[in-house]
Structure formats: C-alpha cells, structure tokens
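Each reported figure results from applying straightforward, stated rules to the coordinates on display, with no laboratory input. None of the values given here were measured: they were computed from a predicted structure. In this analysis, Cβ positions are derived from the backbone assuming ideal geometry, glycine residues included, and neighbour counts consider all displayed protein chains.
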Amino acid sequence: MKKIIFLLCILMFGKTALALDLPEAVTKENTPAPIVLTGNLVFDWLDITQSGRDAVIEKYKSELFNEDTVYKINKKEFRNEYKDFLKDADFKRHYMLVSNNVKETDSENLCGFYKGKLLISYAVQYKNDLRTVYYYDALGKLRYVDKFSENYPNFPYMSKQYRANGTLVSAIYIMSHDMQYMYNSDSSFKGAWYKDKMYDAHAKQILTRSNW
C-alpha cells in the first residue's frame with residue numbers, strides 16, 4: 001500500500017497543459033455520458049465494455065513493459081549511480097519544510113507522507129533534474145527512486161519506481177494530472193486512477209487518495 005501512496009505524490013509535480021487526441025471510445029447503451037477532459041481526452045473507464053477495458057490495459061502494458069524494461073538493476077551499480085542521494089544531507093531542513101506544509105522552494109519540489117499527524121517519509125524533486133524523484137524515510141535514508149520518461153512533464157509520460165536496492169516496484173502511464181494507469185512490477189494491472197478514485201480492471205472502485 002505504501003508504494004502506491006508514494007507514487008501518487010509525484011503526480012502533483014507536473015501539471016502542464018494536455019494536448020492529446022484519442023480515438024472515440026466504444027460505449028454501452030443507457031450509460032452516463034463519459035467525463036471529458038481537455039485535449040479531447042475522455043475518462044470512459046466506467047462506460048466502455050469489458051473487452052474495451054482489456055484492450056486499454058494491454059495497450060498501456062505494452063508501452064510500459066517491453067524488451068527494454070529493466071526489472072532489476074545491479075544493486076552496486078544502482079547505489080553507485082545514486083551515491084550522492086543515498087542519504088539526504090539536507091534532511092533536517094527538508095523534514096522541517098515538509099512538516100510545515102512547504103511544497104516548493106527555489107530549488108526543489110517537496111511532498112510528505114503521514115501516519116496520522118506523524119511525518120514518516122518525504123519526497124524531493126530537484127528542479128535541475130525534474131525527471132527524478134527521491135523518496136526518503138524520516139531520517140533521510142533513501143527508500144525509492146522514481147524515473148520519468150524523457151518527455152516529462154509533457155503528457156502523456158511514464159514513471160517507473162525502483163527500491164533503493166535497484167528492484168522495480170511499479171510503473172504508471174500518466175495521461176494527465178487527473179488520469180493514470182498503474183501496473184505492478186510483474187506487469188499485472190493495478191488500476192486506473194481518475195482524480196481521487198482508483199478503479200480495477202472491471203471498473204470497480206478499489207482505492208481513494210487524499211493528495212490528488
């Protein structure tokens with residue numbers, strides 16, 4: 001559950017305008033009109049047929065997982081690549097800023113994760129490297145790294161999250177700030193997010209999020 005929550009935070013960092021055209025979706029009869037987003041993007045997950053949802057799941061699965069997908073990065077190589085970020089040298093300042101609900105400074109974007117009122121972890125996205133997000137525990141130890149695709153922050157883009165040992169955690173196809181398709185590390189479908197709600201492959205609501 002925690003790994004899902006971590007990925008939700010980074011969706012708030014990039015909010016550029018959407019310019020995307022998709023083919024018209026097949027809808028069931030006697031269903032509510034689908035929700036229309038900007039750029040002709042339609043959230044119709046609740047309205048299309050099951051075969052339509054299955055086709056969408058396979059489409060974005062093929063985008064996220066292919067012969068170039070790295071499921072496990074050598075731990076030594078991974079930690080060498082991120083050696084300057086294994087410990088947040090500025091964690092006391094970051095902890096204080098996030099605790100005071102500061103989400104942005106001149107050099108970084110910030111996001112906190114709480115258990116009750118207790119800050120248990122936080123994320124840092126440095127503005128000189130917007131395609132990477134670092135997740136730390138409350139003591140400033142690196143736990144996860146998110147890597148965005150090269151076209152970030154232009155929608156659509158992809159995100160893949162790795163543990164600090166180099167193991168792939170999950171992958172997301174991000175259509176817009178409102179809508180994302182999320183997959184587990186084994187490429188199985190986790191769910192479709194629309195705003196604060198996640199729906200499974202059968203259009204059943206399974207999760208909500210508070211930081212959308």
Gain on full stretching of the segment that runs from residue 143 to residue 128 - 0.36 nm per residue minus C-alpha separation: 3.3 nm
Over 21 Å between alpha carbons, listed pairs 127/160; 117/160; 76/103; 92/127; 75/141; 92/117: 117/160; 76/103
Dipole of the stretch 94-182 [Lys/Arg +1, Asp/Glu -1 at C-beta], most positive-end residue of 179, 119, 158: 119
Fraction of the pair-distance distribution of the stretch 75-212 above 18 Å, Cα-Cα pairs, percent: 61
Packing rank of 88-97, 173-182, 61-70, where each peptide gets the mean count of other beta carbons within 10 Å, highest leading: 173-182, 88-97, 61-70
In sequence order, calculated HN-Hα J values of the stretch 172-185 (Karplus, 6.51, -1.76, 1.60; Hz; x Gly/Pro): 10, 9, 9, 6, 6, 4, 8, 9, 9, 10, 10, 10, 6, 5
